[in-house]
Amino acid sequence: MSIYVDETTRVIVQGITGRDGSFHTRQMAAYGTRVVAGVTPGKGGRSFALSGKEEVPVYDTVADAVAETGANASVIYVPPAFAASAIMEAADAGVGFIVCVTEGIPVLDMTRAHALARDRGCRVLGPNCPGIICPGKTTLGIIPGSIVTEGPVGLISRSGTLTYEAVHHLTRDGLGQTTCVGIGGDPLIGTSFVDCLAAFADDPDTEAVVMIGEIGGTAEQEAAAWVSANLDIPVVGFIAGRTAPPGTRMGHAGAIISGSSGTAAEKTRAFEDNGIKVAKRPAEIAVLARESLGR
Amino acid sequence: MDLHEYQAKELFRAAGMAVNPGEVADDPQGVRALAEEYGGRVVVKAQVHSGGRGKAGGVKLATDADEAARHAEAILGMKIRGLTVGHVLVSPTEDIATEAYAGILVDREGQCPVLMVSAEGGVDIEEVAATNPDAIHKLQVDPRYGLMPHQAWGLATRLFSDPALTKQAARILTRLYRAFVDNGASMAEINPLISTGGGKVKAIDAKVSIDDNELFRRPAVAALRDPDSESEADAKARAAGLSFVKLEGNVGCCVNGAGLAMATMDLVKYYGGDPANFLDIGGSSNPDKVVAALEIITADAGVKVILFNIFGGITRCDDVAQGIVEAVGRLDIAIPLVIRLTGTNEELAREILAEAGLAAVASMDEVVQEAVRLAG
């Protein structure tokens with residue numbers, strides 16, 4: 001099984017006609033994702049070619065796209081100035097699962113978008129995230145399909161390419177994945193480590209979880225406490241940013257040590273205190289995962 | 001983006017807040033003139049993006065214009081945490097009866113702005129939070145309603161018991177929230193928020209940070225950036241759209257993705273080396289970005305080796321290889337380059353690099369160990 005989405009998920013793409021949107025939409029369709037429509041305001045009525053043989057309609061609004069196609073998930077590739085509004089539009093149209101890839105959205109915009117999504121009962125993944133991939137089933141976002149394979153590991157990460165690095169090692173070591181989720185590098189994100197852990201706990205196929213965290217905030221500490229109280233499958237962790245100086249943002253808007261809180265040392269300790277084995281190098285993640293599965 | 005105190009005060013005044021007067025000057029004569037204008041008794045404050053200005057000797061009290069000019073002479077040009085003081089703010093002294101604190105930032109957990117006040121102002125608020133957390137009152141603000149009048153009043157009652165003062169404080173909190181939202185701030189702080197012997201409440205220090213993601217739609221705020229407060233490397237990185245943080249080591253790092261970039265620095269340290277920088281070239285393989293990255297890294301004479309760590313996903317390795325080859329052709333790089341490329345089109349990338357006489361390895365551990373060895 002997979003978490004949140006699977007091969008039956010009906011996906012629309014907001015910003016389908018843009019440079020990034022069109023490229024990644026075709027990548028997703030080629031992987032097997034059921035892309036049913038696109039939305040670009042002002043371009044309704046056109047169609048978008050997923051491949052040489054297949055095309056999908058483009059709508060002016062998400063509400064129209066949902067009404068016509070029964071879509072239940074959306075992937076957002078619109079520029080930062082309009083991305084929060086795109087999330088709110090999807091939430092308002094009743095889309096249950098919204099993936100926002102866009103990086104650089106004003107934080108105050110996101111306070112309002114998250115509030116509306118919560119009111120409407122929608123799950124937002126991201127923003128500033130690579131998305132979610134269920135190997136062999138579907139992908140929503142930009143995680144390359146070539147690096148994943150089906151298997152027993154669930155993976156949750158705040159990062160993009162570091163996730164690929166970890167998945168690459170897992171796949172090469174013969175450890176496939178049920179689902180890989182990139183929750184995003186922003187300070188305000190819609191889906192947390194704990195949300196994903198709870199979903200993996202309910203998935204009978206997930207036999208171990210890998211959590212890739214980084215400096216900034218306390219999400220890893222909360223996740224560690226949740227793991228020790230609720231989860232009976234093994235968890236392996238990694239924290240990026242041990243060498244990051246305090247008070248400086250490390251690329252991701254959320255990756256900043258404020259005062260003495262949010263350090264890699266604090267997060268590593270929280271993991272270890274709660275029985276989570278912590279890899280010292282990215283390559284070690286797969287080694288610890290294999291050990292924890294007794295393989 | 002951090003604002004200077006005098007800029008933050010301007011924003012606060014524009015929002016209608018009671019703020020003590022003050023003007024900036026960049027030479028002792030200017031400071032003397034301002035001090036005379038304010039009647040002689042003034043505070044001269046260094047304007048740099050750093051806390052601890054007072055402890056560093058960057059804040060001085062003067063009883064007359066001559067003394068103010070002497071203080072300015074000492075403060076202007078001094079270094080506070082590596083930053084040279086180019087401007088001072090001159091303000092008349094205030095008759096301080098009490099000192100409180102008020103601040104707003106965005107709460108990650110609550111996903112909303114949180115307004116914090118404390119009657120124990122004038123000191124480091126993190127210290128109050130650590131030693132006497134009950135002295136800090138917090139309120140999560142629903143961004144859709146904003147700070148409601150009863151909420152501002154409620155918090156103000158935590159600061160003052162005299163209704164005349166409470167009323168003024170509530171008005172300041174309301175305007176602080178408005179200034180925070182209207183300027184796209186990530187943090188806005190008044191410390192201290194004072195009451196005077198004459199029964200006035202006002203801000204006498206101000207600190208504001210702007211969310212960098214807001215700057216594209218707020219040109220007036222973006223124009224407040226002080227070019228002197230930014231190193232050449234930082235300015236260049238920002239112009240090229242690169243995330244860059246200078247560190248003290250000698251292994252120059254050039255990586256795609258922030259998480260992988262941090263993990264690369266950590267691995268350099270793990271193998272006994274010292275990273276010279278954090279640098280994320282992002283998802284693009286634009287050769288101009290690679291050139292800018294290499295220029296920034298090689299401008300640091302301490303860098304002994306340049307390490308590329310690229311995990312090609314959507315970014316194709318052959319594009320990055322092309323960028324590296326172009327960049328190396330355009331620049332005269334005297335130090336060794338070690339390259340790791342894995343992922344989409346890595347074979348093709350290796351061929352492109354080989355033609356240019358460059359080699360690449362496939363593993364992150366390998367490339368980092370090699371870089372550390374070459375850095376000595």
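The values are calculated or read from the model by the stated rules, or taken from the named source; none is laboratory data. None of these values were measured; they are calculated from a predicted model. Don't worry about glycine lacking a Cβ; one is built from the backbone with ideal geometry, like all the others, and counts go over all protein chains shown.
Meeting the requirement of 1 or more residues that are within 25 Å of A:Phe200 (Cβ to Cβ) and within 17 Å of the chain's Cα centre (by Cα), the helices (runs of 4 or more DSSP H) wholly within the stretch A:60-168 are A:80-92, A:107-120.
Here's the yes/no breakdown for (1) within 14 Å of chain A (Cβ to nearest Cβ); (2) closer than 20 Å to B:Val128 by Cα:
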position: B:Leu159; (1), (2): no, yes
position: B:Ala169; (1), (2): no, no
position: B:Leu176; (1), (2): no, no
position: B:Ala179; (1), (2): yes, no
position: B:Asn191; (1), (2): no, yes
position: B:Lys200; (1), (2): no, no
position: B:Ile204; (1), (2): no, yes
position: B:Ile210; (1), (2): yes, no
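Filtered by the rule that a residue be closer than 17 Å to B:Tyr271 by Cβ and buried (at least 20 other Cβ atoms within 10 Å of the Cβ), the stretch B:340-371 gives B:Arg340, B:Met364, B:Val367, B:Val368, B:Ala371. If you go through the stretch A:218-266 and keep only what is crowded, with 24+ Cβ neighbours inside 10 Å, assigned to a loop (DSSP other than H, G, I, E, B), within 9 Å of chain B (Cβ to nearest Cβ) and without any contact (Cβ under 8 Å) to a residue 60 or more places away in the chain, you end up with A:Gly241, A:Ala244, A:Met250.
Checking the structure you have, find out if any residue of the stretch A:32-55 is over 23 Å from A:Gly190 (Cβ atoms), out of contact with any Gly (no Cβ under 6 Å at 6 or more places or on another chain) and either within 14 Å of another protein chain (Cβ to nearest Cβ) or touching a residue at least 40 places away in the same chain (Cβ under 8 Å) (or both). Checked the stretch A:32-55: at least one residue is over 23 Å from A:Gly190 (Cβ atoms), out of contact with any Gly (no Cβ under 6 Å at 6 or more places or on another chain) and either within 14 Å of another protein chain (Cβ to nearest Cβ) or touching a residue at least 40 places away in the same chain (Cβ under 8 Å) (or both). Set side by side, the residues B:Gly257, B:Gly273, B:Gly313 differ, and just one is in contact with a Gly (Cβ under 8 Å, 6 or more places away or on another chain), among the small types (Gly, Ala, Ser) and farther than 21 Å from A:Ala279 by Cα, which is B:Gly313. Among the residues of the stretch B:297-314, is any free of Cβ contacts under 8 Å to residues at least 12 places away in the same chain, more than 13 Å from chain A (Cβ to nearest Cβ) and either outside any strand (DSSP E or B) or of a type in the set (Val, Ile, Thr) (or both)? Within the stretch B:297-314 (the criterion being free of Cβ contacts under 8 Å to residues at least 12 places away in the same chain, more than 13 Å from chain A (Cβ to nearest Cβ) and either outside any strand (DSSP E or B) or of a type in the set (Val, Ile, Thr) (or both)), the answer is yes, since at least one residue qualifies. Residue count for the stretch B:93-115 under the criterion of being outside any loop (DSSP other than H, G, I, E, B) and within 14 Å of chain A (Cβ to nearest Cβ): the result is 9. Check the stretch B:156-177 and report whether any residue there is aromatic (Phe, Trp, Tyr) and in contact with a Ser or Thr (Cβ under 7 Å, 6 or more places away or on another chain). Scanning the stretch B:156-177 turns up at least one residue that is aromatic (Phe, Trp, Tyr) and in contact with a Ser or Thr (Cβ under 7 Å, 6 or more places away or on another chain). Scanning the stretch B:235-267 for residues that are within 7 Å of chain A (Cβ to nearest Cβ), among the small types (Gly, Ala, Ser) and surrounded by 24 or more Cβ atoms within 10 Å (Cβ to Cβ) yields B:Gly257, B:Ala258, B:Gly259, B:Ala261, B:Ala263. Please pick out the residue among A:Val62, A:Val78 that is assigned by TED's automatic domain parsing to the domain that holds A:Leu116, touching a residue at least 60 places away in the same chain (Cβ under 8 Å), touching a helix residue (DSSP H, G or I) at 6+ places or on another chain (Cβ under 7 Å) and not small (Gly, Ala, Ser). The conditions single out A:Val78.
Taking only pairs six or more apart or across chains, which ones have beta-carbon atoms under 8 Å, a first residue in the stretch A:107-127 that is under 14 Å from A:Asp195 (Cβ atoms), and a second residue that is basic (Lys, Arg) and surrounded by fewer than 22 Cβ atoms within 10 Å (Cβ to Cβ)? That search, which allows pairs on different chains as well, returns A:Ala117/A:Arg123. Residues that are within 14 Å of chain A (Cβ to nearest Cβ) and of a type in the set (Gly, Ala, Ser) within the stretch B:315-360 comprise just one, B:Gly343. Taking the stretch A:192-216 as the range and being within 14 Å of chain B (Cβ to nearest Cβ) and surrounded by fewer than 24 Cβ atoms within 10 Å (Cβ to Cβ) as the test, the residues that pass are A:Ser192, A:Val194, A:Asp195.
What residue, among those in the stretch B:226-252 that are over 22 Å from the mean Cα position of the chain (by Cα) and of a type outside the set (A, V, I, L, M), is farthest from B:Thr315 (Cα to Cα)? Filtering the stretch B:226-252 for residues that are over 22 Å from the mean Cα position of the chain (by Cα) and of a type outside the set (A, V, I, L, M), the one farthest from B:Thr315 (Cα to Cα) comes out as B:Asn250. Per the conditions (1) more than 13 Å from chain A (Cβ to nearest Cβ); (2) assigned to a loop (DSSP other than H, G, I, E, B), the sole criterion not satisfied by B:Gly283 is (1). Within the stretch A:11-32, the residues that satisfy the criterion of being over 21 Å from A:Ala67 (Cβ atoms) and among the hydroxyl-bearing types (Ser, Thr, Tyr) are A:Ser22, A:Tyr31.
For the stretch B:1-24, a residue qualifies if it is under 19 Å from B:Asp226 (Cα atoms) and among the polar types (S, T, N, Q), and exactly one does: B:Gln7. Output the residue which, of all residues in the stretch B:65-122 that are basic (Lys, Arg) and out of contact with any strand residue (DSSP E or B) (no Cβ under 9 Å at 6 or more places or on another chain), is farthest from B:Val42 (Cα to Cα). Only one residue tops the list, namely B:Arg108. Evaluate the stretch A:176-193: report whether one residue or more is farther than 15 Å from A:Gly126 by Cα and either in a loop (DSSP other than H, G, I, E, B) or in the same structural domain as A:Ala91 (by TED's automatic domain parsing) (or both). Yes, the stretch A:176-193 has at least one match. Can you spot a residue in the stretch B:359-371 that is touching a residue at least 60 places away in the same chain (Cβ under 8 Å) and touching a Pro at 6+ places or on another chain (Cβ under 7 Å)? For the stretch B:359-371, residues touching a residue at least 60 places away in the same chain (Cβ under 8 Å) and touching a Pro at 6+ places or on another chain (Cβ under 7 Å): present.
In the set A:Gly145, A:Gly160, A:Gly185, only one residue is more than 9 Å from every other protein chain (Cβ to nearest Cβ) and either free of Cβ contacts under 8 Å to residues at least 40 places away in the same chain or not hydroxyl-bearing (Ser, Thr, Tyr) (or both); that residue is A:Gly145.
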